[in-house]
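Structure, as structure tokens:
The values are calculated or read from the model by the stated rules, or taken from the named source; none is laboratory data. What you see is a predicted model, and the numbers here were worked out from it, not measured in a lab. Here the Cβ is made from the backbone with ideal geometry for all residues, glycine too, and neighbour counts use every protein chain on show.
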Amino acid sequence: MTFRIRTPKRTRRSRATVIAVLAAALTAPLHGAPVRGIRALTPAPIAPRGGVLMLPLTAERPGRGWPATVPIELHDGTLIDGTVIWIHPRAAEPGRARLWTDDPAALAVRAVAPDDDTSRPTGGAPYLVARLPADGDGALRLGRQTLNPTWRDPDVSCTGLPLPGDDRPEMFLTAMPDRPDPDSSFEYWRWVLLADRIDLRPPAAGRYGAVGSLVAEHYADLWRIALAQLGRRHPGVAASARDALTRICDDGRQPFAAWVAGTSEPARLLGMLLDFNADENMLAREVLAWVESWPTLLVWTEVESGDSVRLAIVNRGSRPTVARFHWEDAPHDPPVAAELRPGWLTRVTITRPEAPPPSPVGLATRGLPEEHVLQLNSESLRLRIGVGAATIDLRPPGGIFPVLRPALTLADVQAGRQFPVNPATATLAHLRRRGAHWEMFFECRRPVDVPDGTGKLVPLEPDLDAVRTLEAVTLILGDQDEPDLVLTVPEHGTYQLRAGNDDGTLAVHRQSFDDRWHCRIVIPDSALPPPRSGYEDEPPRHLRVSALRSHGGRAGLETTPVATVPWRRTPAPAVLRLDTWDGW
């Protein structure tokens, strides 16, 4: 499907700076010698009193052997120890469960190591973090370099530790659809802003360790300084900005995040707010323009096959809005309109256009295309959404399903695209007929060191969440909410028929290799639509098929034919027509 959403044109501070420094590290000259002449890339940083200073580092001669600590001299001659840290891309975890609020920057932080080398493309960059005194003022010295910071007072501590008299309940730093990514210290600032908004105490930053907690506090300090600066003169504008960064909506059974995700746009806003020389009224107008530039609607497709398409649409605005839909290949049909409640996810079903009637004089008529384009128009958003054919006519060699995909994230939906599937863990699915029987074939790729599936029986849960403990595939036939057959096949061990019956024709064949395993499921005849008897007015033989893959001890689930949101595991099925096979 094609999304047309405004994309950011520029970035400023915060994680955008981190990413830029990482890119610079990748293009550094190849030396490999010991580092020499360390200095800060930012000579005029923002210094939160009592908070954390964070400086990107460079060197006159890049290389190895970065020191674990570098002293910073205050204006009165006092020395404080700065810790040298290494920020780098987070290592890929095959099969890892994707969270709705996954941090798309995927950065990690640790103490610098002796072999970290800025003269080679190692995929990381050094920074200096230091705890500043509560009464800090004046210039700083880093070696021979003089820094001229802008000192500011954060309104409250960003450590997450209780302040005297603060008896508010503490937020739990845990993975939930309506909470930020708990594993990213670069997203902790959002926990702090969200806690302020819902009047809770933010979780303690110590969860991120000695190094990660300093990074977490640094960004939280900056955001609190930035919004407090704006809020003193324009509290309504500051509240609007905070709302855009912490918006939560509901789908009727699960609250979920609907805030502005990604890295560059929050960084651009932070850069605006930290420009202390800007005219305050002009800044307020720029911030409002930033808030209003974001579409109030988030959209993804839940059902693509069948006679109708179902869209999930989130109105993250503050008032009702109307969306109108029409098919490009049926321009004369009246549009379908849906009212969207603010703060809620609305599921909208749009019937596909009908095929044109036959010509009364026997001339050929153009049928409907195999793919359709649905246009969505609202006050803030215009989308062209491509959807496949209502049904897939099966002909040899069979129906190839879209590669199984991990759960959608908020950043995916906002950007209108998904990240590529990791080839090392990809799952391919193929429905075909062999002889008198229909069968589903899976190829499940996995790293060599993945543990074997246990094959242990696990209880059936309505959303199939229990299968996450297995290295397995699950085949689902029938409707999404009331399937006719649900069969889980682990790589090793006993397969589990969770719904449906085995009439004696079900068969499962498996074969394991170093980096993948294959599964061939002979579908029981009782799960198939009845064979045609030869009458012309008989309905076609349609089989509804979906599937998911789980990854052993990991928590990730991947689905086909469509990706799902993390709190709704079962995908809508593809509709395949079986009786076209014999006519080929």
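Okay, here's what the table says:
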quantity: Total residues in the range 59-82, condition surrounded by fewer than 19 Cβ atoms within 10 Å (Cβ to Cβ) and either β-branched (Val, Ile, Thr) or in contact with a helix residue (DSSP H, G or I) (Cβ under 9 Å, 6 or more places away or on another chain) (or both); calculated: 3
quantity: Filtered residues of the range 424-448 (kept if at pLDDT below 90 and either closer than 19 Å to Ala97 by Cβ or of a type in the set (Gly, Ala, Ser) (or both)); calculated: Ala424, Thr425, Gly435, Ala436, Arg446, Pro447
quantity: Criterion: under 28 Å from Ala407 (Cα atoms) and crowded, with 16+ Cβ neighbours inside 10 Å - qualifying residue of Pro561, Pro524; calculated: Pro561
quantity: Sole exception among (1) farther than 15 Å from Met440 by Cα; (2) assigned to a strand (DSSP E or B) for Gly493, by number; calculated: (2)
quantity: Residues (under 19 Å from Ala216 (Cα atoms) and surrounded by fewer than 17 Cβ atoms within 10 Å (Cβ to Cβ)) located in the range 92-105; calculated: none
quantity: Residue ranges of strands (runs of 3 or more DSSP E) in the range 371-443 with at least 1 members small (Gly, Ala, Ser); calculated: 382-387, 427-434
quantity: Conditions (1) under 21 Å from the mean Cα position of the chain (by Cα); (2) of a type in the set (Lys, Arg); (3) under 24 Å from Gly50 (Cβ atoms): number failed by Arg247; calculated: (3)
quantity: From the options Arg285, Arg233, Arg253, residue that is within 21 Å of the chain's Cα centre (by Cα) and basic (Lys, Arg); calculated: Arg253
quantity: Qualifying positions in the range 120-156 - assigned to a loop (DSSP other than H, G, I, E, B) and basic (Lys, Arg); calculated: Arg120, Arg144
quantity: Enumeration of residues in the range 133-154 that are buried (at least 20 other Cβ atoms within 10 Å of the Cβ) and within 14 Å of Val70 (Cα to Cα); calculated: Leu140, Leu142
quantity: Tally, over the range 331-358, of residues that are more than 17 Å from Leu376 (Cβ to Cβ) and at pLDDT below 90; calculated: 6
quantity: Strands (runs of 3 or more DSSP E) lying entirely in the range 249-344 (those with 1 or more residues that are without any contact (Cβ under 8 Å) to a residue 24 or more places away in the chain); calculated: 336-340
quantity: Members of the range 374-393 found to be under 16 Å from Trp300 (Cβ atoms) and of a type in the set (Val, Ile, Thr), listed by number; calculated: Ile385, Val387
quantity: Ala547 being assigned to a strand (DSSP E or B) and either surrounded by 22 or more Cβ atoms within 10 Å (Cβ to Cβ) or not acidic (Asp, Glu) (or both); calculated: yes
quantity: The listed residue being among the aliphatic types (A, V, I, L, M) and in contact with a Gly (Cβ under 7 Å, 6 or more places away or on another chain), out of Leu475, Leu576, Leu557, Leu487; calculated: Leu576
quantity: Output for the range 211-237, where each listed residue is free of Cβ contacts under 8 Å to residues at least 24 places away in the same chain and in a helix (DSSP H, G or I); calculated: Gly231, Pro235, Gly236
quantity: One residue from Asp116, Asp137, Asp103 being at pLDDT 90 or above, touching a His at 6+ places or on another chain (Cβ under 7 Å) and of a type outside the set (A, V, I, L, M, F, W, C); calculated: Asp137
quantity: Elements of type strands (runs of 3 or more DSSP E) contained in the range 36-106, each with 1 or more residues being under 36 Å from the mean Cα position of the chain (by Cα), under 23 Å from Ser119 (Cα atoms) and not polar (S, T, N, Q); calculated: 36-40, 52-61, 79-89
quantity: Test: residue in the range 308-330 that is touching a helix residue (DSSP H, G or I) at 6+ places or on another chain (Cβ under 6 Å), over 30 Å from Pro45 (Cα atoms) and among the aromatic types (Phe, Trp, Tyr); calculated: no
quantity: Where Trp100 falls short, out of the listed (1) without any contact (Cβ under 8 Å) to a residue 40 or more places away in the chain; (2) under 30 Å from Arg446 (Cβ atoms); calculated: (1)
quantity: Of the criteria (1) without any contact (Cβ under 8 Å) to a residue 60 or more places away in the chain; (2) surrounded by fewer than 20 Cβ atoms within 10 Å (Cβ to Cβ); (3) assigned to a strand (DSSP E or B), which one Pro353 fails; calculated: (3)
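Residue-by-condition table, conditions (1) crowded, with 20+ Cβ neighbours inside 10 Å; (2) under 17 Å from Glu265 (Cα atoms); (3) touching a strand residue (DSSP E or B) at 6+ places or on another chain (Cβ under 6 Å):
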| position | (1), (2), (3) |
| --- | --- |
| Ser213 | yes, no, no |
| Trp223 | yes, yes, no |
| Arg232 | no, no, no |
| Gly236 | no, no, no |
| Ala241 | yes, yes, no |
| Ile248 | no, no, yes |
| Asp251 | no, no, yes |
